[in-house]
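Okay, structure first, notes after.
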Amino acid sequence: MSESLWPNGVEIEVLGLTGDPESGKTLFGLTIAAPERTLVYDMEKSSSVYKSLGFHHVDLHRILSEKFPNGYGPVDIYTTWKQLILDLQPGKWDVIMLDPADDMEQGLVEYVARNASKYGFSTPESFKKSGGIFWGYVRAEWKQLIIGHAATRCQTFVFTTHLRTVWRDGSPTKEKEPKGKETLLESATLYLWLDREPDAEGVVPVEPRAKVHKTRLCSFQKVDGRIKKVPILPPRLPVATPDSVREYIINPPDYTALKEEERADVQVLTEYDRLSMEARIATEKREAAEATALAEERRLQANEAVNRARTILRPDEPAPAPKEEPKAEEEAQPQEAEGTEAKAQTVTAEDILNLIGKADEKGIQAPLVKKMKEKLGVSPDAKVTAKDFTRIPKSDYDSYLKKVEEYNG
C-alpha cells in the first residue's frame, strides 16, 4: 500500500477544482501524487501538454473514436467512462482525475433515461415527465459512480469543472458559478475555486490562489474539557497547491487572526440567490413527496396483483369484502374532490417554486423569471416573491411548465 497523500490522517476522498481557463486546475490535480501513481481521463486534451511529467494519460475521445468509428454521442461517452472505472483495480492508483466532469453530465442524463424500465417506467419519455423522481435518480446514479466506484478505487478522486456566467432577468451578469449538477458539490470533500488574476501591475502569479468553495476538512481540539471543531483551511488560500493544503493540515490557521489574503470576500444575498435557494428547497420537498406517492402507488399495484393471483389459484374462495371507510369520510369525499378541483384552477406558491426549481435544474431559471415578470407587468429589476407570481393565469403557468419540462438544451 502506498504512503498516504495527506498528513495527520486526513483523507480527501473527492476533490473538486473549478476556475477560469489557465487558472491551474489540471496542474493542481497532476501534482497531488507521484506521476506513476496518477491516472487522468482527459475529456478535452487539457492534460496532454503535461504528459512529460510521466502520469498515465487516457485520451477518452481517442478511445471513443476507435470504439465508435461511425461517430458517438454523449451517452456513449458516459457508458464508456463508467465501464473504464468499473474495470479498474482498487488501489492501483493514488489519484484518479476526470478533466472536466461537467462534460460528462449530458450523457449521464441520457443514460438514466434510457434505463427507464430499471426504475419502473415504461418509456424514457414517461420517466423524464416524472420530474423530480427522474432528476433524483440522475443524481443518485452520478453520486454512486463518483463516491461508490471512482473514489473507492484510489486515495483521491479529482474532478474539474468549467465556470459559466450567471444570467439574471435575461441578461448576463459579471458573476460566475461552477458548471455541473449539485451532486458534484455534495460529493466533494474539498472544492477549490482557483484563479490567477493579475495584480495591480498586471503581473499574473505563477501559482494560483483559491477560494474554498466547500470543505469538510477539520480537526478537533480539547479546550476547557470540551471537544472543539477547528477548520483546517482558511476561507481563501493565498497559494493553492497540494503542498499548501498539506501545510494547512499540519498548521491550521488561527481564525481569530486571519491574514488579509486568507479572508473571504463579503457575500451579498441577491434576489437570484434567494429564489434559487427557495427553488432548491421546494425541489427537495417535491421530490420527496413524489417518491412517497410513487412508492404508495406501486404498493397498491403489488397488492392488486397478489389478490388477482389468489383469485386465479383459488377461484372457489370468495373475494375479500372491500374495507368500509367511516361514514364521515364518505360524506367528506365530495367536498374534498370539489376543493381539489378548485385548487387545480389556481396557481399556488408551491407550484411557482416547483416551476422555478425545474428551470434551475436545466439552467433556464433567469429567462423564465424574466418572462413571468413581463406577464405580471412589473420591471425586470423589481423584487418579487413566489407569492407574487401566483397572479399569473393558470393557463400561462401550464404553458411555462410544459416548455420547461420539454427543454433539453
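Where a number appears in this text, it was derived from the coordinates with a stated rule and is not lab data. In this text the structure is predicted, and so the values were computed from the model without any measurement. Note that we place each Cβ from the backbone using ideal geometry, even for glycine, and neighbour counts take in every protein chain shown.
Summary of values
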{"quantity": "Calculated from backbone phi, Karplus (6.51, -1.76, 1.60) coupling profile of the stretch 242-256 in Hz, x at Gly/Pro", "calculated": "x, 5, 5, 5, 4, 4, 5, 5, 6, 10, x, x, 8, 5, 7"}
{"quantity": "Cα-centre dipole for the stretch 14-262 with unit charges at Cβ (Lys and Arg positive, Asp and Glu negative), debye to 20", "calculated": "960"}
{"quantity": "Calculated FRET value between residue 383 and residue 229, using beta carbons and R₀ = 35 Å, to 0.05", "calculated": "0.40"}
{"quantity": "Length released on extending from residue 76 to residue 255, taking residue separation times 0.36 nm less the Cα-Cα span", "calculated": "59.7 nm"}
{"quantity": "Virtual paramagnetic centre 7 Å along Cα→Cβ of residue 221, amide N under 16 Å, in the stretch 247-263", "calculated": "248-259"}
{"quantity": "Total charge dipole magnitude, the stretch 18-85, about the Cα centre, Cβ charges on Lys, Arg, Asp, Glu only, Debye to nearest 20", "calculated": "160"}
{"quantity": "Nearest-0.05 FRET efficiency for residue 8 and residue 265, computed from C-beta distance (R0 35 Å)", "calculated": "0.75"}
{"quantity": "Alpha-carbon centroids, the stretch 160-195 and the stretch 362-409: separation in whole Å", "calculated": "23"}
{"quantity": "Neighbour-count ranking [beta-carbon atoms within 10 angstrom, fewest first] of 263, 196", "calculated": "263, 196"}
{"quantity": "Sorted by Cβ density within 10 Å, fewest first, the residues 201, 66", "calculated": "201, 66"}
{"quantity": "Cut-off 12 Å between beta-carbons: net charge of the residues surrounding residue 142, Lys and Arg +1, Asp and Glu -1", "calculated": "-1"}
{"quantity": "Using θ = phi - 60° and Karplus 6.51 cos²θ - 1.76 cosθ + 1.60, couplings along the stretch 209-218 (whole Hz; Gly, Pro as x)", "calculated": "9, 7, 8, 7, 5, 7, 8, 10, 6, 7"}
{"quantity": "Farthest positive-ward along the stretch 1-110 dipole, Cα basis, beta-carbon charges - from 31, 68, 52", "calculated": "52"}
{"quantity": "Order of 244, 379, 187 - criterion: other Cβ atoms within 10 Å of each residue's Cβ, fewest first", "calculated": "379, 244, 187"}
